[in-house]
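For reference, the structure discussed in these notes is given below.
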Amino acid sequence: MNVFRFFRLHANSWSIMSIIFMLLILSPTLSIFVQIFEKPNENWTHIQEFLLKNYIQNTITIVFFTGLFSILVGVSLAWFVTAYTFPLRRFFKWGLILPLAIPPYIGAYTYHGIVNYTGVLQSTLRNEFNITANPAYFDIMNIPGAIFIFTIFLYPYVYIITRAYLEQQSASLIENARLLGSGPLELFFHVIMPISRTAIIGGASLVILEVLNDYGVVSYFGIQVFTTAIFQAWFGMSDVASAIKLAGMLMAIVFLILFLEKVLRGRKQYSYSNAKVRPLEPISLSREKTILLFVYVLFIFTIGFLIPFVQLFQWMMLTYEKVISPDFLQLIFNSVYVSLISSFLIMIIALVIGNFTRLADSPWSKAVSRITVLGYSIPGAVIAIGVLTFFLWLDRHLNMVYTALGIDAPIILSLSLVMLIFAYVSRFLAIGFNPVDAGFDKIGRSFTEASRLLGTSLMRTFFKVDLPMIRGAVFGGFTLVFIEVMKELPLTLLLQPFNFYTLSTKAFQYANDEAVHEAALASMLIILISGLSIFVFHAVLEKEKK
């Protein structure tokens with residue numbers, strides 16, 4: 001069946017809206033491809049000759065080691081929490097997700113404030129123990145420091161996906177390996193790692209995509225990578241053409257990583273040999289091993305959440321009276337406002353495309369869903385450039401309409417909040433779509449078909465039958481999107497309208513101006529809102545499992 005015949009057979013409101021959404025989401029990416037091959041200018045020649053090699057080396061180094069350490073930390077924690085009992089296990093089961101509530105750029109300036117010369121660590125050594133250490137030993141504003149920050153705040157992506165996989169794993173696999181004489185390390189590396197490969201690679205790919213998207217950490221630490229180069233070309237040189245070429249190269253790296261992900265996943269599959277599957281139950285260890293296990297889990301939780309949270313709270317108590325003002329309340333309103341609108345729009349689009357994919361159930365409909373959620377694999381700086389060029393093109397073609405309406409301005413959309421929200425939708429649609437798609441897979445089509453046989457329209461069936469059955473998935477997707485939009489930095493910095501700031505951009509601005517203490521209140525609000533959302537999402541997920 002060719003594509004035209006397929007859409008002719010499935011022409012209804014769901015398919016039409018899905019195609020419109022797909023084209024809108026794709027337009028920024030296509031605008032980059034259109035301009036990437038334009039004739040290079042002097043700035044681009046300079047970048048190619050003197051800077052590009054450094055960008056590539058730094059980016060690859062950070063991506064590789066962050067991915068490697070995130071796998072080691074995330075998989076080990078997932079295995080320990082799933083396979084063994086230890087004190088506070090139920091708390092750590094969701095508490096180890098909390099580092100996701102702290103955006104890496106907030107973690108970066110918090111840890112720098114802790115370990116620098118005037119920070120609590122070196123001050124304590126000097127004042128309490130009369131030890132003056134070489135400040136170079138505590139310098140984290142370098143590539144190893146960036147790798148540490150990314151690892152400790154992004155490992156939960158690997159942890160969440162791997163833990164969910166291991167919890168559903170058959171206990172017989174592990175028990176048989178133990179009966180055959182496998183020790184803990186041999187069991188972990190020869191059984192757990194191979195059977196969890198798909199989950200591990202999936203989580204690691206999310207970590208890598210977040211690293212490539214980051215601007216806050218590398219900018220604050222002064223590390224030259226592709227995202228900082230895009231900002232420098234755009235704002236420092238006022239050269240959008242060079243920024244587009246850098247964005248195109250970064251997009252090529254992303255596609256290469258996604259291809260490698262498919263290769264690493266391979267064709268090996270592990271499935272149950274019979275229907276009698278007994279989920280893995282945690283076992284007790286000796287007292288010494290339990291203590292070591294507890295110390296390791298507590299250590300990761302402490303450096304990933306507790307230390308930065310306590311330090312930010314202390315800074316907040318020192319500066320909140322100076323920071324709180326009507327302007328700060330406006331920051332809170334701006335952040336919640338754009339997060340709510342973006343999340344609402346994303347869930348509407350996700351429901352439309354998810355329902356169309358389910359009803360049509362063909363390779364073409366699945367292709368629409370895959371293309372539409374492509375945005376999450378593309379770094380925010382790249383999407384920002386694509387969205388800007390697309391909206392400038394729209395403004396040029398709508399200039400006659402503006403004139404007819406009596407608006408004496410050459411650009412309207414490109415200076416509005418519409419452009420920023422459109423970018424959020426393009427970037428985070430996949431986060432809202434995946435839970436919805438999983439929810440539709442779970443309920444199938446039998447209830448929908450029964451409703452249709454009773455003469456109910458597609459639209460009424462959706463609202464009366466389908467939507468109530470997947471409300472948990474919709475709520476979960478909305479929560480995840482809200483968290484991501486609240487924390488997003490590169491898109492907001494590049495596309496925010498004049499005099500429009502959010503908590504994330506204000507916190508970054510304070511930190512960049514060396515007013516780290518003043519950044520604490522905005523950072524704490526982001527963390528508290530994100531942490532509460534993570535807790536609610538985890539509670540909903542556990543309820544859905546039961």
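Numerical summary
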| quantity | calculated |
| --- | --- |
| Search result, residues across segment 313-328 that are closer than 15 Å to LEU525 by Cβ and at pLDDT 90 or above | PHE313, TRP315, MET316, MET317 |
| Qualifying position, being β-branched (Val, Ile, Thr) and modelled with pLDDT of 90 or more, among ILE131, ILE140 | ILE140 |
| All helices (runs of 4 or more DSSP H) inside segment 319-410 with 2 or more residues being crowded, with 23+ Cβ neighbours inside 10 Å and not polar (S, T, N, Q) | 326-360, 380-397 |
| PHE309 surrounded by 17 or more Cβ atoms within 10 Å (Cβ to Cβ) and more than 16 Å from ILE431 (Cβ to Cβ) | yes |
| Of all residues in segment 334-353 being over 19 Å from SER530 (Cα atoms) and touching a residue at least 12 places away in the same chain (Cβ under 8 Å), the one that is farthest from the chain's Cα centre (by Cα) | VAL352 |
| Segments classed as helices (runs of 4 or more DSSP H), wholly inside segment 79-154, with at least 3 members that are closer than 23 Å to VAL211 by Cα and not aliphatic (A, V, I, L, M) | 104-115, 143-154 |
| TYR137, sole failed condition from (1) free of Cβ contacts under 8 Å to residues at least 12 places away in the same chain; (2) under 24 Å from PRO99 (Cα atoms) | (2) |
| Checking PHE64 against (1) surrounded by fewer than 21 Cβ atoms within 10 Å (Cβ to Cβ); (2) closer than 25 Å to PHE537 by Cβ; (3) of a type in the set (A, V, I, L, M, F, W, C), the condition it does not meet | (2) |
| Candidate set from segment 280-318 (those that are in contact with a Ser or Thr (Cβ under 9 Å, 6 or more places away or on another chain) and not in a helix (DSSP H, G or I)); member that is nearest to SER196 (Cα to Cα) | LEU280 |
| Verdict on THR372 being within 22 Å of the chain's Cα centre (by Cα) and of a type outside the set (Lys, Arg) | yes |
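The values are calculated or read from the model by the stated rules, or taken from the named source; none is laboratory data. Predicted model only: the values in this text are computed from it and were never measured. Backbone-built Cβ (ideal geometry, glycine too); neighbour counts: all protein chains shown.
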